[in-house]
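The values are calculated or read from the model by the stated rules, or taken from the named source; none is laboratory data. Since we're looking at a predicted model, the values are computed, not measured. Cβ sites come from the backbone with ideal geometry, for glycine too, and all protein chains shown count toward neighbours. Just so you know, the surface numbers come from the protein's heavy atoms only, side chains and all, with ligands and any DNA or RNA stripped out. Shrake-Rupley method; radii C 1.70, N 1.55, O 1.52, S 1.80 Å.
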Number of protein chains: 2
Amino acid sequence: MVKMSDVAKLANVSTATVSRVLRSPETVKENTRQKVLSVIEELNYQPNILARHFRRSETNTILVIVPNIMNTVFAEIVGGIEQAAAANGYKVLLRNTNLDVRNEYEAIDHLKQRQVDGMILLSERLEKKTLLEISKQYPVVLASAYIEGLKVPTVSIDNISSSREATEHLIRLGHKRIANICGPLFSSISRDRLKGFKQAVYQNDLEVDSVLIQEGEFTFDSGYNQMLKFLALEVPPTAVFAANDEMAMGAIKAAKENGLKVPEDMAVVGFDNIKFSSMFEPALTTIAQPKYEMGKKAMELLLEQMQGVVHTKIQHVLDTNLVIRDSCGAKKAELV
Amino acid sequence: MVKMSDVAKLANVSTATVSRVLRSPETVKENTRQKVLSVIEELNYQPNILARHFRRSETNTILVIVPNIMNTVFAEIVGGIEQAAAANGYKVLLRNTNLDVRNEYEAIDHLKQRQVDGMILLSERLEKKTLLEISKQYPVVLASAYIEGLKVPTVSIDNISSSREATEHLIRLGHKRIANICGPLFSSISRDRLKGFKQAVYQNDLEVDSVLIQEGEFTFDSGYNQMLKFLALEVPPTAVFAANDEMAMGAIKAAKENGLKVPEDMAVVGFDNIKFSSMFEPALTTIAQPKYEMGKKAMELLLEQMQGVVHTKIQHVLDTNLVIRDSCGAKKAELV
DNA sequence: ATACTAAATGTAATCGATTACATAAACTAA
DNA sequence: TTAGTTTATGTAATCGATTACATTTAGTAT
């Protein structure tokens, strides 16, 4: 393996000069630089990156902790992260936690051992205290969940107002009895989306029937099952807001199987705007999260932190928007 | 930062002994080992992994090159890779190429620079020759495309026979005029799936009408558009085999919009068995690829290679199976 | 030309764990 | 006990790029 000293010898300069040619070419005279570069070419010299990492104790690598990469929402965020990372010469180390906190703690060791220069967390399992502690010592960005009052740079959406908007949309369409299939309540995202739903209901003086709120697991099946519960009620709802698109799809399937037409007999709104929500039939009305952009933004914030920028603005809340398609009945309502 | 020499001093041993305690504890006397371990604990010593990487020139990291992590098929394979990697103490570096070959070449530099110990390629853009060259020098595993005669360890499915099976299923259901929406033909996967389709058609003496084969792009929209073409024919097909699920969904949408019932008026079979194929309506009949297992298997092969095992079996072809759901009409056919 | 400043290059220490080789300690068998 | 072995530990070189500091070279002003 050719090393820097080989290049130096052949080019008749010191290793210091070779190193400079590679890392700060502007400090080397044009002449020598050309000479060194041509020798590098000639010997096909590849710097030993591991030696560099060691010496500089930085790796140009960041760690992304994901609950589950097979979930399309996370995959898109990671896509955004990767793009921004690559564009800035950074590599992305991916860690799937499968919702196991131990894996998160293990991953944090990578930071402590300086195997990575920074970390983006898409999961929200760590305690606030731990998170704050880590964030004081290392560059860290949270993506996906807004955590009230947490002084850790975060990219998120406003889950509360977004789901309020989704619910209000149903209210505007004339629905009085609206159900909610919320996500698992250990997740703050789920709690926020539920909160937004309740706000809309209260603010519009609609009836608040606790049986109209059922907890799902963000899965198609759970959406299906909770909808069955609603349909079994004496007075079923006429509309459902599901806290993610998969559950919305499950809910729609249940409704259809029970002879209801969606949106005519049962309006449904989802959340996330995953790719398949537009392919589904009826195409889902849903809240669009800027998933890719969230990843990109998170990476950009992390880059700044790694360059030593101290953020005064800690929480970055990106815009969502209600995408009106067929499952809520708004389009047909207009036509009539 | 506490270093090994600090531990050594406090424990009254040499750094060599400390190093042994960490890397080959069985060679150290119980007594000293305990002493060293307790000092490590006391000082909260974390070894400098970068120094280790440098000295040993290995990183316990592998590189995964993915065309696009936002594609659920790839995301699942990566899920399998990550799980197997983590279980064996390896980290996963993720690189999205967005189908740009330059990115693949860049990624290969990581191998050459020993930033990673091995590589799994999910993309198939590199030339055979390059691939073989790389594979001779570094641990590499290909996942997803079987390339005839290529002497590089590969995990794949048999795309040809799988799509022949899918097509034959339609033939068994009585269809005589079957169309195919194939994938982009620069991809060998697409070519194989097309080949399998043709084999089934020829072997069953069905008419071979070149207008019944249209090239899509593995996207919903392309499936939709190609189906429109079929429907515009004087004699449209009665069944369509689409080379992936997304195109199958697009095709179904087009058929429905044109007043056809699926599967009664138009039977459709897809390929991949992505998660949403069962949520779609009608639920897709499709070829199930063992995506997660392919990732897992690829990682296992890579691990073996990295441990110096020379594989005699180069090509590993995993089983697929036809998942019969509603879009092909088989279920109803049975009932009748 | 001289003195001074700025730019370019070189010298050599450094990062911290690993490990080949050397030495010491412990054990075994007669 | 002694010689011979095995086991445990220590010494110090090593991996290869980076960089503080020293030195040389070039450039500028008088």
Under the Karplus curve 6.51 cos²θ - 1.76 cosθ + 1.60, θ = phi - 60°, whole-Hz ³J(HN,Hα) for region A:312-321, x wherever Gly or Pro sits: 8, 8, 9, 9, 10, 9, 8, 6, 10, 8
Please report the relative contact order for region A:4-47, taking Cα pairs under 8 Å with a sequence separation of at least 6, and give it as a percent rounded to a whole number. 42
Grab the beta carbon distance between residue B:27 and residue B:293, set R0 = 30 Å, and tell me the FRET efficiency rounded to 0.05. 0.20
Positive-end extreme of charge dipole, the protein assembly as shown - chosen from A:266, B:251, B:71 (charges on Cβ): B:71
Contact order relative to length of chain B, as percent, for alpha carbon pairs under 8 angstrom and 6 or more apart: 17
Not counting ligands, DNA or RNA, and with a 1.4 Å probe, what is residue A:106's accessible surface area in Å² rounded to the nearest 10? 100
D_trans [Stokes-Einstein, Kirkwood Rh over alpha-carbon pairs] for region B:98-154, 20 °C, 1.002 mPa s, µm² s⁻¹: 186
Over the whole of A:107-116, what's the average partner chain Cβ count within 10 Å per residue? Rounded to a whole number, please. 3
Taking only protein heavy atoms into account and a 1.4 Å probe, give the accessible area per residue of chain B in Å². 45
FRET efficiency (residue B:185, residue B:113; Cβ distance; R0 35 Å; to 0.05) is 0.50
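How many Cβ atoms of partner chains, on average, are near each residue of A:95-104 if near means within 10 Å of its Cβ?
2
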Explain nothing, just the number: dipole magnitude of chain B about its Cα centre with +1 on each Lys and Arg Cβ and -1 on each Asp and Glu Cβ, in debye rounded to the nearest 20. 1320
Past 28 Å, Cα to Cα: identify those pairs from A:91/B:297; A:35/B:128; A:129/A:296; B:253/B:331, in the order given. A:35/B:128
Which residue, A:66, A:211, A:140, tops the fluctuation ranking in a GNM of chain A built on C-alpha contacts under 10 Å? A:211
In debye, nearest 20, what is the charge dipole magnitude of region A:6-59 about its Cα centre with +1 on Lys and Arg Cβ and -1 on Asp and Glu Cβ, if you could check? 200
Under the Karplus relation with 6.51, -1.76 and 1.60 and θ = phi - 60°, whole-Hz ³J(HN,Hα) for region B:280-285, x at Gly and Pro, equal 5, 10, x, 4, 6, 7
Based on alpha-carbon centroids, what's the gap between region A:7-50 and region A:236-275 in Å, whole number please? 64
Would you kindly work out the equivalent ellipsoid of region A:24-122 from its C-alpha gyration tensor and give its semi-axes, the square roots of five times the eigenvalues, largest first in whole Å? 36, 16, 10
For the pair residue B:15/residue B:42, report the inter-label distance in nm, with labels modelled 7 Å from Cα in the Cβ direction. 2.0
Quick one: buried accessible area between A and B, total over both chains, 1.4 angstrom probe, nearest 100 Å²? 4100
Between copies, how far does the label point of residue A:203 sit from its twins, in nm, shortest first, when each point is 7 Å from Cα along Cα→Cβ? 6.3
Taking the radius of gyration and the Kirkwood hydrodynamic radius from Cα positions alone, what is the Rg/Rh ratio for region A:147-276, to two decimal places? 0.97
Pop out the ³J(HN,Hα) list for region B:17-25 in order, Karplus 6.51 cos²θ - 1.76 cosθ + 1.60 with θ = phi - 60°, rounded to Hz; leave Gly and Pro as x. 5, 4, 4, 5, 4, 7, 9, 8, x
Förster-model FRET efficiency, 25 Å R0, residue A:177 and residue A:99, C-beta, rounded to 0.05: 0.15
Once you average over the residues of B:45-56, how many Cβ atoms of partner chains fall within 10 Å of each Cβ? 5
Across 20 Å bins from the origin, how do the percents of Cα pairs in the protein assembly as shown run, short distances first? 16, 43, 31, 9, 0
Taking only the Cα atoms of region A:241-336, how large is their convex hull per residue, in Å³? 99
What's the carbon and sulfur percent of the protein assembly as shown's accessible surface, probe 1.4 angstrom, rounded to a whole number? 48
Taking N as the residue count of region B:4-47, its alpha carbon Rg divided by 2.2 N^0.38 Å gives 0.96
For residue A:304, inter-copy label-point distances (7 Å, Cα→Cβ), nm, shortest first, read 5.0
With no solvent and one equal point scatterer placed on each C-alpha of region B:64-145, evaluate the Debye formula and give log10 I(q)/I(0) for q = 0.19, 0.23 Å⁻¹, two decimals. -0.81, -1.20
Given only helices, namely DSSP H runs of n ≥ 4 each adding -39500 (n - 2.57), what is the per-residue ellipticity at 222 nm of the protein assembly as shown, to the nearest 500 deg cm²/dmol? -14000 deg cm²/dmol
Using amide H atoms built in the peptide plane, which far-off residues or other-chain residues are under 5 Å from residue B:180 H to H? B:213, B:214, B:241
Taking 0.36 nm per residue of sequence separation and subtracting the Cα-Cα distance, how much length would be gained by fully extending the chain between residue B:1 and residue B:232, in nm to one decimal? 75.9 nm
Let me check the size of chain B from its C-alpha atoms; what are the radius of gyration and Dmax in Å? 26.0, 90
Copies of residue A:6 compared via label points 7 Å along Cα→Cβ give distances in nm, shortest first, of 3.8
So if I take the centroid of the Cα atoms in region A:172-203 and the same for region A:60-106, what is the distance between those two points in Å? 29
Quick one: putting +1 on the C-beta of Lys and Arg, -1 on the C-beta of Asp and Glu, what dipole do you get for the protein assembly as shown around its Cα centre, in Debye to the nearest 20? 2500
